[in-house]
Amino acid sequence: MGKATIGVLVLAAMLGLWGISGYNRLVRLDQGVQGQWAEVENVYQRRADLVPNLVETVKGAANFEKSTLTAVTEARARVGQISPQATEKIVGDPAAFQRFQQAQDGLSSALSRLLVVSERYPDLKATAAFRDLQAQLEGTENRIAVARMRFNEAAQAFNSARDSFPTVLIAGLSGQRFAEKSYFKAQAGAATAPHVQF
């Protein structure tokens, strides 16, 4: 074998190793995003599981606003309409990701309104069951915020690696396997301070 042939073989081996290394890095980062997504789903499921108990507890309060309970129940139903098959591919589908976030934000808004309205019912606030559910819900909301933050961090690490040269070439050759990941964004109107009137 001549020096040129050996040089070509060495170059081909180096390119092959670089391609394998880049691909494996994208796989590892993609799995990190998938793992964080699973945690997001877990905490959202925990919240969805608390809602029926919360609604039943609140129903016991005399004259509690029916429209508030209906809004919570309907928002919970919209979240439940997202099928498990849809959530499997949601991380790589920006439109599906946005629908998922809108459904979850709708439930967050309805629950916030329910808790605000419950302030008008001292008997309800005094019950241990309501206080326990309220504490669990607040804890779950904190877990949701942490899970969303960690998901965004994993998505950012993946997207940064995916869009960096020369890894972007490997991502491009892999089709939708390494599609760019979406991020959770603040709820609409979150930047506006609430109006407080005494």
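The values are calculated or read from the model by the stated rules, or taken from the named source; none is laboratory data. All figures in this text were calculated on a predicted structure; none of them were measured in a lab. Cβ placement follows ideal geometry from the backbone for every residue including glycine, while neighbour counts extend to all protein chains displayed.
Data overview
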| quantity | calculated |
| --- | --- |
| Index of the failed condition, TYR23 passing every other in (1) within 30 Å of LEU169 (Cβ to Cβ); (2) loosely packed, with under 13 Cβ neighbours inside 10 Å | (2) |
| Where ARG150 falls short, out of the listed (1) over 30 Å from GLY60 (Cβ atoms); (2) in a loop (DSSP other than H, G, I, E, B) | (2) |
| Considering residues of segment 129-171 that are among the basic types (Lys, Arg) and within 17 Å of the chain's Cα centre (by Cα) only, the residue nearest to GLN36 (Cα to Cα) | ARG150 |
| Boolean, ASP49 is touching a residue at least 24 places away in the same chain (Cβ under 8 Å) and charged (D, E, K, R) | no |
| Restricting segment 127-142 to residues that are surrounded by fewer than 12 Cβ atoms within 10 Å (Cβ to Cβ) and modelled with pLDDT of 90 or more, the residue that is farthest from VAL58 (Cα to Cα) | ASN142 |
| Qualifying residue in segment 51-59 (condition: loosely packed, with under 15 Cβ neighbours inside 10 Å, farther than 24 Å from ARG143 by Cβ and either at pLDDT 90 or above or not polar (S, T, N, Q) (or both)) | yes |
| Sole residue being part of a helix (DSSP H, G or I), under 26 Å from MET149 (Cα atoms) and among the β-branched types (Val, Ile, Thr), chosen from VAL33, VAL55 | VAL33 |
| Considering residues of segment 172-186 that are assigned to a helix (DSSP H, G or I) and farther than 21 Å from GLN36 by Cα only, the residue nearest to the chain's Cα centre (by Cα) | GLY175 |
| Any hit, segment 28-44, residues being without any contact (Cβ under 8 Å) to a residue 12 or more places away in the chain, of a type in the set (A, V, I, L, M, F, W, C) and out of contact with any Lys or Arg (no Cβ under 7 Å at 6 or more places or on another chain) | yes |
| Candidates ARG25, ARG46, filtered to the one that is under 30 Å from PRO166 (Cβ atoms) and either out of contact with any Leu (no Cβ under 9 Å at 6 or more places or on another chain) or at pLDDT 85 or above (or both) | ARG25 |
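Conditions (1) more than 28 Å from ARG148 (Cβ to Cβ); (2) at pLDDT 90 or above, marked per residue:
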{"position": "GLY2", "(1), (2)": "yes, no"}
{"position": "LEU9", "(1), (2)": "yes, no"}
{"position": "VAL40", "(1), (2)": "no, yes"}
{"position": "ALA61", "(1), (2)": "yes, no"}
{"position": "LYS66", "(1), (2)": "yes, no"}
{"position": "ASP93", "(1), (2)": "no, no"}
{"position": "SER108", "(1), (2)": "no, yes"}
